[in-house]
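A.B. asks: Encoded as structure tokens, here's the structure I'll be asking about.
The values are calculated or read from the model by the stated rules, or taken from the named source; none is laboratory data. Because the structure is predicted, anything quoted here is derived from the model rather than measured. Cβ coordinates were reconstructed from backbone atoms using ideal geometry, including for glycine residues, and neighbour counts include every protein chain displayed. When the accessible area is computed, the model is the full protein with side chains, heavy atoms only, and any ligands, DNA or RNA have been set aside. Shrake-Rupley method; radii C 1.70, N 1.55, O 1.52, S 1.80 Å.
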Amino acid sequence: MKEFTPDHIRNLALIGHGGVGKTSTAEAALFSAGSTTRLGRVEEGNTLSDYHPDEIERQISINASLLFCEWKSYKINILDTPGYTDFTGEVKASLRVADTAVVLLKAVEGAEVGTEIVWKYTTEYGNAAVFVVNKLDQENADFDRTLQQAREMISHDIIPVQFPLRAGLGFDSIVDVVRMKLLKFQPGGNGRYTETEIPEEAREKAQGMRQGLLELIAETDENLLNKYLEQGGLSDDELRQGLRNGIRSRKLFP
């Protein structure tokens with residue numbers, strides 16, 4: 001069995017309101033990383049984390065489940081947690097041992113009561129946190145509305161690092177604000193994509209978000225702030241490192 005040193009291990013807890021898609025996200029991560037050869041589905045009762053008969057019957061997570069995969073020489077431990085408040089103890093127990101909380105939001109319903117509850121837990125345990133807007137391929141999905149709700153409920157400092165080119169039915173492309181590229185994903189859920197230039201219709205929005213991200217990251221680190229003021233910007237490597245450090249220290253989302 002391959003051994004990983006502590007600096008090459010990451011512990012993630014998937015948290016959020018019930019039905020936000022945490023189990024499906026875990027399945028997609030393992031499938032994309034090559035840990036599984038088929039993409040399990042909650043509706044078919046064949047996911048790796050929802051293995052208990054009650055979970056399969058009700059199509060909800062009841063227990064926290066530990067999964068793992070390997071990605072770019074790192075071992076990623078994934079804790080798939082229940083979303084319903086009846087099982088909130090499983091969420092708190094998972095966050096106690098997790099480095100980072102991945103807070104999922106629904107692209108249609110947006111930030112919900114369960115979102116606010118689990119966010120308070122991350123504050124209690126001091127977890128680093130990132131937000132993922134899920135179910136962008138559903139009818140009436142609205143990324144911008146969901147983002148605004150999260151800012152109002154959680155922190156006005158939330159700045160996207162990616163956003164969909166077009167949400168809703170037929171969704172298949174996202175704009176990466178850090179790389180300043182368009183990522184178009186292939187059908188099948190295998191995580192493969194092609195990288196092209198951002199189309200004109202989304203370029204101004206991407207540039208505005210990148211500028212906001214640069215300013216927010218610069219404010220979290222004195223050295224980066226000095227470079228930003230002196231040079232009028234940051235390199236891509238400095239932006240990525242500042243983003244990682246800001247998330248881990250919770251300076252980006254206090």
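A.B. asks: Among the residues of segment 220-254, how many are part of a loop (DSSP other than H, G, I, E, B) and touching a Phe, Trp or Tyr at 6+ places or on another chain (Cβ under 9 Å)?
C.D. replies: The qualifying residues number 2.
A.B. asks: Sticking with this structure for a sec: State whether the residues of segment 12-22 include one that is open to solvent by less than 30 Å² (accessible area, probe 1.4 Å) and in a helix (DSSP H, G or I).
C.D. replies: Of the residues in segment 12-22, the ones open to solvent by less than 30 Å² (accessible area, probe 1.4 Å) are 13-16, 18, 20-22.
Now drop any that are not in a helix (DSSP H, G or I), which leaves 22.
Checked segment 12-22: at least one residue is open to solvent by less than 30 Å² (accessible area, probe 1.4 Å) and in a helix (DSSP H, G or I).
A.B. asks: Test each condition in (1) part of a strand (DSSP E or B); (2) without any contact (Cβ under 8 Å) to a residue 24 or more places away in the chain; (3) not acidic (Asp, Glu) for residue 131 and report the one that comes out false.
C.D. replies: (2)
A.B. asks: What residue, of 139, 116, 124, 112, is among the charged types (D, E, K, R) and open to solvent by less than 50 Å² (accessible area, probe 1.4 Å)?
C.D. replies: Only one candidate qualifies: 112.
A.B. asks: Restricting attention to segment 68-99, and to residues there that are at negative phi and assigned to a loop (DSSP other than H, G, I, E, B), which single residue is surrounded by the most Cβ atoms within 10 Å (Cβ to Cβ)?
C.D. replies: The residue in question is 81.
A.B. asks: So, in segment 175-216, how many residues would count as being open to solvent by 30 Å² or more (accessible area, probe 1.4 Å) and touching a helix residue (DSSP H, G or I) at 6+ places or on another chain (Cβ under 9 Å)?
C.D. replies: Looking only at that region, the number is 9.
A.B. asks: Related question: Return yes when residue 102 is open to solvent by less than 50 Å² (accessible area, probe 1.4 Å) and modelled with pLDDT of 95 or more and no when it is not.
C.D. replies: Yes; evaluated as a whole, the condition is true for this residue.
A.B. asks: Sticking with this one: Could we say that residue 66 is aliphatic (A, V, I, L, M) and free of Cβ contacts under 8 Å to residues at least 24 places away in the same chain here?
C.D. replies: Here the answer is yes, as residue 66 does meet what is asked.
A.B. asks: Here are some conditions: (1) at pLDDT 95 or above; (2) assigned to a loop (DSSP other than H, G, I, E, B); (3) more than 30 Å from residue 89 (Cα to Cα). Residue 204 meets all but one. Which one does it not meet?
C.D. replies: For residue 204, the exception is condition (2).
A.B. asks: Pairs please, first residue from segment 31-52 and surrounded by 13 or more Cβ atoms within 10 Å (Cβ to Cβ), second anywhere and charged (D, E, K, R) and modelled with pLDDT of 90 or more, Cβ atoms under 7 Å, 6+ apart in sequence or on different chains.
C.D. replies: From residues that are surrounded by 13 or more Cβ atoms within 10 Å (Cβ to Cβ), the pairs are 33/70; 39/27; 40/27; 42/50; 47/27; 47/41; 48/27; 49/80.
A.B. asks: Okay, next question. State the number of residues belonging to segment 199-249 that are farther than 24 Å from residue 165 by Cβ and among the basic types (Lys, Arg).
C.D. replies: Selection size over segment 199-249: 3.
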